[in-house]
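The block underneath contains the structure these notes are about, expressed in structure tokens.
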Amino acid sequence: MTTRRDAAASVTAVIPTTGRSELRRAVESVVLQTIPVTPLVILDVPSARADVERLLSGLTYDLVTTSGAIGGGAARNVGVLASRTRFVAFLDDDDEWLSNKIELQLAAMLPPGRMIVASRSWLVGRKRRLVPERLYDGSTAISSYLLDRSSLRLRKNFMQSSSLLLTKDLAEEIGWEVGLKRHQDWDFLIRAQAAGVNIVMLGTPLVLVHQSSEGSISRSTDWQSSESWLSSIDAGSAPSRRSRADFVASVILRGAVSNREWHQALRLTGEALRGPCHIAAIAPAIAAVRGAWR
């Protein structure tokens, strides 16, 4: 199904979904932008099409259905190819945009070029927190910035898919890695910078990132996929030794401990400490040890 397309829109919002109820909130936030934006919903569960159409009743949007279970990265690629605008932005189906997001980001991108414009966000859970505390300024590799865990506060460094705006041509060139279960947005940004793309972050928070949505894999214990992804980063784009160690400690080691895979946890602890990782990066693994013995 395709609904009315606003001819004045220069931006498409690519929204991959499995049909979660939060999708309506996400699409509404696109419809309410201060300039015209085309919401493009990429449904990765074909059998849910009728349910999604009922959920989005009354809203103006476009809908593309995949062959099914192709994953978030591939669904975003489908959306980029299906878009007919000069620019594309990405929105996870459980997040939402503030009404002036696209207008402010487009203003920051003029003239358009090899640039990704991101923004600060509000992290919404039991309370609302501004992220990141430290804006990305391009002085370090994006991989070092994203994987750094030098503070107990998770909000020190942050960049996520729902804040990104770029040209359609550039999005096609970079592409989202198909098959990645985790770290899709980080992978996209790291490969973009390796391709010579300038990554700019606005200081204004323009996205609401909801933390506790059903089906989230952000706290997954599939540590093997995280370790495999870390190993796949090209040497020229690799994070600093310390940021790499931070990621090993805070993500990979935590997963191994949560699964009670103690032999692997011992190996990963040694790897993290040799980095050396920041002390704060060990905290998630310590918390996981406590949880494993409850």
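The values are calculated or read from the model by the stated rules, or taken from the named source; none is laboratory data. Given the structure is predicted, the values throughout are model-derived calculations rather than measurements. Backbone-built Cβ (ideal geometry, glycine too); neighbour counts: all protein chains shown.
Whether any residue in the range 48-55 is surrounded by 21 or more Cβ atoms within 10 Å (Cβ to Cβ), among the aliphatic types (A, V, I, L, M), touching a Pro at 6+ places or on another chain (Cβ under 9 Å) and closer than 20 Å to H210 by Cβ is what I want to check. Checked the range 48-55: no residue is surrounded by 21 or more Cβ atoms within 10 Å (Cβ to Cβ), among the aliphatic types (A, V, I, L, M), touching a Pro at 6+ places or on another chain (Cβ under 9 Å) and closer than 20 Å to H210 by Cβ.
Of the residues making up the range 109-116, none is surrounded by 18 or more Cβ atoms within 10 Å (Cβ to Cβ), touching a residue at least 60 places away in the same chain (Cβ under 8 Å) and in a loop (DSSP other than H, G, I, E, B). Look at G125 and say whether it is surrounded by fewer than 18 Cβ atoms within 10 Å (Cβ to Cβ), assigned by TED's automatic domain parsing to the domain that holds E103, farther than 24 Å from V257 by Cβ and in contact (Cβ under 8 Å) with a residue 24 or more places away in the chain. In short, no. Residue pairs whose Cβ atoms lie under 9 Å apart, sitting 6 or more positions apart in sequence or on different chains, and linking a residue in the range 8-31 that is at positive phi to a partner that is hydrophobic (A, V, I, L, M, F, W, C), are G19/L43; G19/V45; G19/A48; G19/V52; G19/L55.
Within the range 137-153, being closer than 16 Å to I233 by Cα and either outside any loop (DSSP other than H, G, I, E, B) or touching a helix residue (DSSP H, G or I) at 6+ places or on another chain (Cβ under 6 Å) (or both) holds for I142, S143, S144, Y145, L146, L147, D148. Here G71, G19 are screened, and the one residue that is buried (at least 16 other Cβ atoms within 10 Å of the Cβ) and out of contact with any Gly (no Cβ under 9 Å at 6 or more places or on another chain) is G19. Against the list (1) of a type in the set (K, R); (2) surrounded by fewer than 19 Cβ atoms within 10 Å (Cβ to Cβ); (3) within 14 Å of R149 (Cβ to Cβ), the condition R274 fails is (3). Mind listing whichever residues of the range 24-47 are surrounded by 24 or more Cβ atoms within 10 Å (Cβ to Cβ) and aliphatic (A, V, I, L, M)? Listed by number, the residues that qualify are A26, V27, V30, V37, L40, V41, I42, L43. Exactly one residue among L147, L180 is buried (at least 18 other Cβ atoms within 10 Å of the Cβ) and either modelled with pLDDT under 95 or not assigned by TED's automatic domain parsing to the domain that holds V41 (or both), and that residue is L180. State whether the residues of the range 168-175 include one that is touching a residue at least 12 places away in the same chain (Cβ under 8 Å), out of contact with any Ser or Thr (no Cβ under 7 Å at 6 or more places or on another chain), in the same structural domain as S29 (by TED's automatic domain parsing) and of a type in the set (D, E, K, R). Within the range 168-175, one or more residues are touching a residue at least 12 places away in the same chain (Cβ under 8 Å), out of contact with any Ser or Thr (no Cβ under 7 Å at 6 or more places or on another chain), in the same structural domain as S29 (by TED's automatic domain parsing) and of a type in the set (D, E, K, R).
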